[in-house]
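Here the structure is laid out as structure tokens; the discussion comes afterwards.
The values are calculated or read from the model by the stated rules, or taken from the named source; none is laboratory data. None of the values given here were measured: they were computed from a predicted structure. Positions of Cβ are generated from backbone atoms using ideal geometry, with glycine treated the same way; all protein chains shown enter the neighbour counts.
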Amino acid sequence: MTKILATADDAAEVLKNGQLVAFPTETVYGLGADACDDTAVARIFDAKGRPTFNPLIIHVFSCDIAEQYVEMTDQARILAEAFWPGPLTLVLPLKDGKISRLVTAGLVTVAIRVPNHPVARDMLKTFGGPVAAPSANLSGQISPTCASHVLQGLNGRIDAILDAGPCDVGLESTIIGFDPAPTLLRPGGLEVEKIESVLGHPLLQDMDPAAPRSPGQLLSHYAPKASVRLSATDVKPGEVLLGFGDVAADLNLSKTGDLVQAAANLFAYLHQLDARGAKTIAVSPIPEKGLGRAINDRLRRAAKPRSN
Ligand code: TXA
Ligand code: MG
């Protein structure tokens, strides 16, 4: 049985015991384990049914703690100072031998972020060390934005869940690598435009699905059970409509066309339409700007033929 926890201290205790706890972040719920404990990290892959080549993000309380584990380049520090705590993950050279090799899947870099959710922050502060956490869903399924989504996939497969209500952002973090120039590896909850304005130049893009450097770029990663039809301006027989803007829809991501609201609703609404047994989810066109880029990225993956 998976225990439901009420306090961040209880969650930190679960981590110290080498067990798994799902916890809220501002983006999506994460499935956490002590990043320095090989067995605990291995249990993440087992619980998610995740291919071991897919490395995990580590979560720490502060930028100072991050510097114990990674080499901060000048540009990485500029981004960390501007956006941490927040929905930004930086892929940086590993400094330290303490992080389990399972976390990095053998890479010489590690993905790291400082989340901005009061409950996650309390848990990380009490725990002290780095917490490895992918999204708390079965591999290949939609990321959870509330505790009930987590339990749908992982009840009985993980030790505990810390329930603190729905996530504000609703999309996973934006991932930036440095090779050496700042490169977008995954669009996400922090708008590319904001990152570029702090850097003063455009990001390079490295999202070629044929040769993914960030393995989460695999095409069919974000998959509801229903098939997905994009940029729908009509509804065909047997389809449900996930709307955006001023359209009559089964569920509407944002009637006013607000991309922040649409991002927060995206995964929850895909879950709800799936639960209705919809065969195909048609989705209204979403503008390719701001958080619309990350929403479209997740929807394009959901619409691809499935690999699992
Ligand atoms: O918002 C988020 O990022 C959530 C919350 C829980 O923090 N986490 C999340 O984790 O989305 P996950 O495991 O579902 O996605 C992590 C992504 C994967 O696509 C993985 O391939 C990539 O990060 N990644 C991890 N380490 C990497 C590395 N060293 N180099 C390149 N990509 C890496
Ligand atoms: Mg995930």
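Suppose we keep only residues that are closer than 20 Å to Ala264 by Cα and within 16 Å of ligand 2 (Cβ to nearest atom) within the range 156-177. Which one would you say is surrounded by the fewest Cβ atoms within 10 Å (Cβ to Cβ)? Break it down into steps so the answer makes sense when it comes.
Step one: filter the range 156-177 for residues closer than 20 Å to Ala264 by Cα, giving 162-175.
If we keep only those that are within 16 Å of ligand 2 (Cβ to nearest atom) too, we end up with 167, 169-175.
Values: Cys167: 25, Val169: 23, Gly170: 27, Leu171: 27, Glu172: 25, Ser173: 26, Thr174: 29, Ile175: 25.
Here the residue is Val169.
Determine which single condition Asp37 fails, assuming it passes every other condition in (1) away from ligand 2 (no atom under 16 Å from the Cβ); (2) on the phi > 0 side of the Ramachandran plot.
Asp37 satisfies all of (1) away from ligand 2 (no atom under 16 Å from the Cβ); (2) on the phi > 0 side of the Ramachandran plot except (2).
Within the range 157-175, can you find the residues that are of a type in the set (A, V, I, L, M) and either more than 10 Å from ligand 1 (Cβ to nearest atom) or at positive phi (or both)?
Ile158, Ala160, Ile161, Leu162, Ala164
So if I check each of Ala262, Ala278, Ala303, Ala282, which one is modelled with pLDDT of 95 or more and away from ligand 1 (no atom under 16 Å from the Cβ)? Walk me through how you get there before you give the answer.
On the way: Ala262 fails: modelled with pLDDT of 95 or more; Ala278 fails: modelled with pLDDT of 95 or more; Ala303 fails: modelled with pLDDT of 95 or more.
Only one candidate passes the filter, namely Ala282.
Across the range 196-248, which residue is modelled with the lowest pLDDT among those that are within 16 Å of ligand 1 (Cβ to nearest atom) and among the small types (Gly, Ala, Ser)?
Among those that are within 16 Å of ligand 1 (Cβ to nearest atom) and among the small types (Gly, Ala, Ser), it is Ala210.
Return yes or no: is Ala82 within 25 Å of Pro187 (Cβ to Cβ), small (Gly, Ala, Ser), in the same structural domain as Leu199 (by TED's automatic domain parsing) and not in a loop (DSSP other than H, G, I, E, B)? Please lay out each step first, then the result.
Working: within 25 Å of Pro187 (Cβ to Cβ): yes; small (Gly, Ala, Ser): yes; in the same structural domain as Leu199 (by TED's automatic domain parsing): yes; not in a loop (DSSP other than H, G, I, E, B): yes.
Spelling it out, Ala82 is indeed within 25 Å of Pro187 (Cβ to Cβ), small (Gly, Ala, Ser), in the same structural domain as Leu199 (by TED's automatic domain parsing) and not in a loop (DSSP other than H, G, I, E, B).
Here is a yes/no grid of residues against (1) surrounded by fewer than 19 Cβ atoms within 10 Å (Cβ to Cβ); (2) more than 28 Å from Val198 (Cα to Cα):
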| residue | (1), (2) |
| --- | --- |
| His59 | no, no |
| Glu67 | yes, no |
| Glu81 | yes, no |
| Gly86 | no, no |
| Leu102 | no, yes |
| Pro115 | no, no |
| Ala136 | no, yes |
| Ser143 | no, yes |
| Cys146 | no, yes |
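Applying the selection to the range 248-259, what residues are of a type in the set (A, V, I, L, M, F, W, C) and surrounded by 16 or more Cβ atoms within 10 Å (Cβ to Cβ)?
If we filter the range 248-259 for residues that are of a type in the set (A, V, I, L, M, F, W, C), which is where we start, we get 248-249, 251, 253, 259.
Result: Ala249, Leu251, Leu253, Leu259.
Can we say Ala47 is within 16 Å of ligand 2 (Cβ to nearest atom) and modelled with pLDDT of 95 or more? Outline the logic, then answer.
Numbers: within 16 Å of ligand 2 (Cβ to nearest atom): yes; modelled with pLDDT of 95 or more: no.
No: the conditions fail for Ala47.
Might you check whether a residue that is away from ligand 1 (no atom under 14 Å from the Cβ) and either surrounded by 22 or more Cβ atoms within 10 Å (Cβ to Cβ) or under 21 Å from the mean Cα position of the chain (by Cα) (or both) occurs anywhere in the range 26-33?
Looking only at the range 26-33, we keep the residues that are away from ligand 1 (no atom under 14 Å from the Cβ), and these are none.
Taking every residue of the range 26-33 in turn, none turns out to be away from ligand 1 (no atom under 14 Å from the Cβ) and either surrounded by 22 or more Cβ atoms within 10 Å (Cβ to Cβ) or under 21 Å from the mean Cα position of the chain (by Cα) (or both).
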